[in-house]
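Accompanying notes for the structure given below.
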Amino acid sequence: MSEQVHIALRVEGMTCDGCARHVTEALKAVPGVEQAQVGSWRAGKATVVAKPGVTNADLVGAVQKAGYHAVLAERREVEPPRKVPAAGGQGYDLMTIGGGSAAFAAAIKAAELGARVAIVEKGTIGGTCVNIGCVPSKTLIKAAELCYHSAYPQFEGLTACPPPSDWQRVVQQKDELVAALRQGKYVDVAAVYPNITIIRGEAQLLGGRRVRVNGTVYEPEKILVATGSSPWAPSITGLQETGFLDSEQALSLDALPASMIIIGGGSIGLEFAQLFARFGVQVMVLENGPHVARAEEPEIGQALVRYLEDEKVRICTNVGITRVERRDGDYLVHTEANGKPEVCRAERLLVATGRRPNTGGFGLEEAGVRLGAKGEIVVNEYLQTTNPDIYAAGDCIGDPMYVYVAAYAGGLAAENALSGVGRIFDLTALPHVTFTDPQIASVGLTEEKAKQQGLRVQTAVLPLDHVPRALASRNTKGLIKLVAEEDTGRLLGAHVLAAEAGEVIQEATLAIRFGLSVQDLADTFHPYLTMVEGLKLAALTFKKDVSKLSCCAA
Ligand SMILES: Cc1cc2nc3c(=O)[nH]c(=O)nc-3n(C[C@H](O)[C@H](O)[C@H](O)COP(=O)(O)OP(=O)(O)OC[C@H]3O[C@@H](n4cnc5c(N)ncnc54)[C@H](O)[C@@H]3O)c2cc1C
């Protein structure tokens, strides 16, 4: 007999994240409940993992008492994970297709549950983040930042690191770091778990649970597709013929060009723009929308544009690109902005217009796995695909494409696949960071999105020249914007443009996750001369003029 039961309830009457929290807390308070989750109040569903003695009436009653209405949707036993291989010497409980962050998190979770796991990887172990994504880009960005800040005070008016030969040294150090982290965080980690096997080769789904790799056909009990994503380029006349750099190639250029055009003003485009500008490349960003950093608050995008322009990055918005050609070794990008044609010229062209899931050519549709409009794998809230034995996690299920989301999804999908525990994939209070200098970090709703959801909001914007840490560091570039619910003061969104904003955002993430108000932030101790004190000051701005406060916001 199973030691746990999974119970799903349909819950009526929830109208906001606060309701979802109340229902979750009411369910967690029932004796014998081990986990309770409401993925999103809109879905009107709660799931519980509990000891078998917990009755349906206990749970329905608890929800009722909290002020909502619940009915039973499903009750089943949670399967204990199998401890033995399913079939013969090649039997695996779980096979991951892909060997990146989602797959590794899944494999480790499965191994911890006692399952036997195979990771199938056709390229480089570790996938995008460690090899060609987060790690190499962030170490180059840091190098550019150090270079820029050390050059700046010594040479007045000079805003970039002069010797281009440094680039090769920096790339070499980046490659060394990537190799060390790949070994330490992936290859060595897999070796620690005796029940994880790495199979090098390309996986092909053959239908049902069958997978062919290097001519061998396996039939694992469950499959996790974690094949990641690849750079995507729009269809622009001449682009395919001229060729262009993608983010991976840009991280490993042999030599720095004199000039570069970047198509796309999202996170990756902006990070690369500043990185190359700081190494002395003349950079121009072409963005077809009205703003760069489109997902962010307009104040933040506008301020960042000013800072990048101060560093001689040219940023053009509302630009339509009519065609691309090559002449005399340069790229010519024919554009039109506000009815005016312009030809932009540069030595290199980088296209940073987003990524698309890797879901073609390995038998997904033949295996009964449905794909969405952008090629993403369609999954339910448990990350199960339309083939009940196949789960999917990471970039291949579409946005948001972040490594911490991929890893969370991989672990959750493995647990759901192997034990049927029924954990909901929950992206409530998901922060994200753009690693420009200053960084952009956000969590929760923007003012516009909150209003679109029919919420009545109030906002506070605090320029960083009110934050003692920024003044002491002589770097007041940036601002903090908070969005709160008008009636309750509940924090709905926090948007930070600041040096190390990525660290500051974590407090706001917890505040949103646990339903705190801006008054809670204002009433909480924040050490003096820290950047996170800016959150408290921004919270105080709802009621006070911070320019009239003394030190420590007294
Ligand atoms: C330039 C850049 C910077 C980034 N910076 C950040 C950042 O700062 N923070 C952040 O959170 N995220 C960042 N990301 C995003 C992050 O890297 C990805 O979200 C994450 O790596 C996705 O992990 P994954 O496991 O889904 O896929 P991947 O890590 O891409 O792994 C998929 C693997 O599947 C393999 N594969 C595909 N098909 C098959 C097949 N048929 N058979 C066998 N193997 C197959 C591929 O070879 C690949 O190794 C960045 C991405 C880029 C490109």
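The values are calculated or read from the model by the stated rules, or taken from the named source; none is laboratory data. It should be emphasised that the depicted structure is a prediction, and the values quoted were computed from it without experimental measurement. Counting neighbours? That spans all protein chains shown, and the Cβs are built from the backbone with ideal geometry, glycine included. SASA here: full protein model, heavy atoms, side chains in, ligands and nucleic acids out. Shrake-Rupley method; radii C 1.70, N 1.55, O 1.52, S 1.80 Å.
A few remarks follow.
- Listed peptides 171-177, 223-229 appear in the order 223-229, 171-177 once ranked by packing, highest mean of other Cβ atoms within 10 Å at the front.
- Computed label-point distance, nm, for sites Q302 and T386 using a 7 Å Cα→Cβ extension: 4.5 nm
- Listed residue (G127, I480, H22) projecting farthest to the positive dipole end of the chain, Cβ model: H22
- The rule of thumb for compact globular proteins, 2.2 N^0.38 Å, goes into the C-alpha radius of gyration of the range 482-554 1.03 times.
- Distant-in-sequence amide contacts of R326, defined by a placed amide H-H separation under 5 Å and a gap of 5 or more residues or a different chain, comprise L332.
- Here the peptides 265-278, 451-464 are ranked by packing, the mean other Cβ count within 10 Å, and the order with the highest first is 265-278, 451-464.
- Calculated mean residue ellipticity at 222 nm for the chain: -9000 deg cm²/dmol, from DSSP H runs with n ≥ 4 weighted as -39500 (n - 2.57), summed, divided by the residue count and rounded to 500.
- Separation of the range 217-246 from the range 88-135 is 19 Å, based on Cα centroids.
- Unit charges on C-beta of K, R, D, E only; dipole of the chain, Debye: 520 debye
- For the range 425-465 and the range 507-554, distance of Cα centres in Å: 16 Å
- The chymotrypsin sites (Phe, Trp or Tyr not before Pro) of the range 466-545 that DSSP puts in a loop, and whose beta carbon has at most 13 other beta carbons within 10 Å, are F514, F525, Y528.
- Accessible area of the chain divided out per residue, in Å², using a probe of 1.4 angstrom: 45 Å²
- Cβ charges +1 (Lys, Arg) and -1 (Asp, Glu), total dipole of the range 273-388, debye: 300 debye
- Formal net charge of residues neighbouring A352 (Cβ-Cβ distance under 14 Å; K, R +1; D, E -1): 0
- Computed about its Cα centre, the charge dipole of the range 397-508 is approximately 140 debye, with only Lys, Arg, Asp and Glu carrying charge at their Cβ.
- Pairs of alpha carbons in the range 282-392 whose separation is greater than 23 Å (percent): 52 percent
- Computed from label points 7 Å out along Cα-Cβ, the spacing between K65 and E79 is 3.5 nm.
- Cβ-defined net charge surrounding Q173, 12 Å radius [Lys, Arg +1; Asp, Glu -1]: 0
- For the chain, alpha-carbon Rg relative to the globular expectation (2.2 N^0.38 Å, N residues): 1.05
- In the structure shown, the pairs K312/K449; K477/K543; K451/K544; K28/K65; K122/K185 are assessed against 22 Å; a Cα-Cα span above that value is assigned to K312/K449; K477/K543; K451/K544.
- Counting charges near L9 (Lys, Arg +1; Asp, Glu -1) among other residues having Cβ under 9 Å from its Cβ returns a value of +1.
- Model label sites at Y528 and K51, defined 7 Å from Cα along the beta-carbon direction, differ in position by 5.1 nm.
- Expressed as a whole percent, the accessible surface of the range 480-554 that belongs to carbon and sulfur atoms is 56, based on a 1.4 Å probe.
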